Amino acid sequence: MIDSLMTPNDREEALSRAYVAAVAAGAGYVTAEPKLDRDGVDIEIHAGGLSRPQLNIQLKATINLGEAANEAYRYALKRRNYDLLRKQTMVPRILVVLSLPAAEVEWLSVTPEQLILRRCAYWASLAGFSETQNNESVTISIHNNNRFDVDSLKALMERARSGAIA
């Protein structure tokens, strides 16, 4: 009996939200999800302290991120998402791409000792990127040092205090 209400793509998206929420919680930050995705923002992260910085994030998940070449992953992003992420906004925006194993059974495991979400996510800022002539998608580079984890999120929030991530 198949009782799943979610497609594999739905599960990828849900796991990417859970991943970002877990990293944000580890950093002591609050997350919020806009009711409607009309502006390419899937999740917001809010911090306290001076100026209450915030990040807006477009989430993606893939089983096809592959190996980094020349210290960067190549990721095909829909043109609409590319355009939304490259525009100047009051709140900095980043792309977070969760890399998942090819086999869905390996994505998540739960035991009494551990909760494991396999692989990790990487972030990229497209702020200030140039317009493209591509109609469907734009392949971007995501540096393999841009792992989205607690330390990198704290560093991103410090940069967001000035209003810029690029």
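Rule-based calculations on the coordinates, nothing more; no lab input. A quick note: this is a predicted structure, and the numbers were derived from the prediction, not measured. Please note: Cβ atoms are built from the backbone with ideal geometry, for glycine as well, and neighbour counts cover all protein chains shown.
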**Complete:** Among trypsin sites (Lys or Arg not before Pro) in region 71-100, those in a DSSP loop whose Cβ has at most 16 other Cβ atoms within 10 Å are Lys87
**Message:** Please report the net charge: other residues with Cβ closer than 15 Å to the Cβ of Leu59, K and R +1, D and E -1.
**Reply:** -1
**Item:** GluC sites (Glu not before Pro) restricted to region 1-110 and DSSP loop, no more than 12 other C-beta within 10 Å
**Value:** Glu67, Glu71
**Request:** First select every other residue whose beta carbon is under 12 angstrom from the beta carbon of Glu13; then total the charges, Lys and Arg +1, Asp and Glu -1.
**Result:** -2
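Select from the chain the helices, each a whole stretch of DSSP H, whose alpha-carbon atoms run 18 Å or more along the helix axis and whose Kyte-Doolittle mean is at least -1.0; answer none if there are none.
Once both thresholds are applied, what remains is 8-27.
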**Request:** Calculate the dipole size of the chain relative to its Cα centre from +1 charges on Lys and Arg beta carbons and -1 charges on Asp and Glu beta carbons; express the result in debye to the nearest 20.
**Result:** 580 debye
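State the Kirkwood hydrodynamic radius of region 68-166 in Å, one decimal place, computed from all pairs of distinct Cα atoms.
On the way: mean 1/r = 0.0658 Å⁻¹.
Averaging 1/r across every pair of different Cα atoms and inverting gives 15.2 Å.
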**Selection from Val138, Tyr73, Ala21 lying farthest towards where the dipole of region 8-160 points positive, charges on Cβ** = Val138
**Message:** If I model a spin label as a point 7 Å beyond the Cα along the Cα-Cβ vector, how far apart are those points for Asp151 and Ala32 in nm?
**Reply:** 3.1 nm
**Prompt:** Using Cα pairs under 8 angstrom and six or more residues apart, how large is the relative contact order of region 8-160, in percent?
**Reply:** 25 percent
